[in-house]
Amino acid sequence: MEAFYFLVFGALSVVVAALELSKTSKDRINTSTAFTSFKNNYLLVYSLMMAGDWLQGPYVYYLYSQYGFGKGEIGQLFIAGFGSSMLFGTIVGSLADKQGRKRACVTYCITYILSCITKHSPQYRILMLGRILGGIATSLLFSAFESWLVAEHNKRGFEQQWLSLTFSKAIFLGNGLVAILAGLFGNVLVDTLGLGPVAPFDAAACFLAFGMAVILSSWTENYGDPSENKDLLTQFKGAAVAIASDEKIALLGAIQSLFEGSMYTFVFLWTPALSPNEEEIPHGFIFATFMLASMLGSSIASRLMARSSPKVESYMQIVFTISSASLLLPIVTNFLVAPSDVRGGSISFSGYVQLFGFCVFETCVGIFWPSIMKMRSQYIPEEARSTIMNFFRIPLNIFVCIVLYNVNAFPITVMFGMCSIFLFVATLLQRRLMVISESQNLRPQDWKERDTEAEPLNSD
């Protein structure tokens, strides 16, 4: 493996370590012992849940190909997963608000474990069922856990600012360190021990089972709106009305869909971008480097959110602008660097430049997650939190399904250009959100009419 990859990984490691070790009192939030215990319990559960998710990711496509399925059939399986998340996401989100978020988190564990078990079968129908179950589980992962955390945090009377600490640590661990360790552990299971491509799914099921045991033994139940007289349709209407009547919620949903749509598209594009002529690249090591860049982003976010200025609505404009520019690099290098006709070999010069840009984008991803979590905790009403969060994922899943279906229909530069435009639009919408937020902060009497859960965490 070329020294360049080690150099990038080592440089990022040094920067992340320096940021974490150099934090001053201004970069830290003083909390209570009770909150620390609560936070650590959530971080343990969240890390176990993300370990169960990350272990599967690198081996899904490989497992299907080992069963003899072609690119078209595998694409249909992936579309089924995103389609399932789109169709069933709002339903399970509403059930989480009404039946309980703890119960929804346990349902996530059971559903994902069942999805892992289906990977033992080479039958297409069984694998399709597994993808549908996985789509339902994904909807719960990205709504029920955050909804439980915000409600429980408020119920226990902890300071609102402390939420940002939990968010940033969850991303640093769950989307960074755990992802790297899961990738290495999966490699050991499949390659070193020779247990086959199903082994990571079995390991994921074990992590999910352990996490479920922790949830059942230590979490209390909380609800959005437990009233008996509200059916699912009424909850859907209430969530839709909340989005339509509050511009801040609508803007937040559009921003989230634009960024996450670009992010998931990037997942499909980075490999062909770095190896257009089938160059030999260390996929696992590059993935670990991306996750390290994400850890850098979450570390930066924790510093930003620990201070009263700049506000999250303000600095996210810069983050979206940088992320938009970073995904333009494949287009720029395609025009400035003459493409090579040589097949195979090592990564090209344009590949080096693009890898740098992709690390910058992943750093922006690391900043995005805790920041969007903080804004959601500010603006989304508690009684329909899970429902609204899954409404946000509908356009995202539609977009990803369209991209998957047409992934070979457009040149890769067109796809990156589309993502860059989406991120630039997210910048403009973030600017609008900041203007509305600041104008309402100037009129404190308006906030008296709002629920305490909806007050901005970063208000003066």
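The values are calculated or read from the model by the stated rules, or taken from the named source; none is laboratory data. Quick caveat, the model's predicted, so the values are computed rather than measured. Note: ideal-geometry Cβ built from the backbone for every residue, glycine included; neighbour counts use all protein chains shown. Ligands, DNA and RNA are stripped out before the accessible areas are found, and what is left, the full protein with its side chains, is counted by its heavy atoms. Shrake-Rupley method; radii C 1.70, N 1.55, O 1.52, S 1.80 Å.
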On a 0 to 90 degree scale, rounded to 10, what angle separates helix 178-187 from the longest Cα axis of the chain?
30
Mind checking the dipole of the chain: about its Cα centre, +1 per Lys or Arg Cβ, -1 per Asp or Glu Cβ, Debye to the nearest 20?
460
Simple spin-label estimate for residue 13/residue 187, 7 Å along Cα→Cβ, in nm, reads 1.2
Ignoring everything but the protein chains, give the 1.4 Å probe accessible area of residue 53 in square angstrom, nearest 10.
40
Using only Cα atoms, find the angle between the long axis of helix 312-326 and the longest principal axis of the chain, and express it within 0 to 90 degrees, rounded to the nearest 10.
10
What angle, in degrees between 0 and 90 and rounded to the nearest 10, separates the Cα long axis of helix 412-441 from the longest principal axis of the Cα atoms of the chain?
20
Provide the convex hull volume over Cα atoms per residue for the range 16-78, in Å³.
143
Positive-end extreme of charge dipole, the chain - chosen from 60, 45, 368 (charges on Cβ):
45
Pull out a ≥ b ≥ c, the square roots of the eigenvalues of the alpha-carbon gyration tensor of the range 243-319, then state rounded if a/c is under 1.5, prolate if not and a/b is larger than b/c, and oblate in the remaining case.
oblate
What fraction of the Cα pairs in the chain, stated in percent, has a spacing above 32 angstrom?
38
Of 102/248; 98/119; 39/102; 23/169; 102/155, which pairs sit farther than 23 Å apart, going by alpha carbon to alpha carbon?
102/248; 98/119
Please list, in chain and number order, the residues 5+ apart from residue 100 or on another chain whose amide H is under 5 Å from its amide H, with Hs placed from the backbone.
224
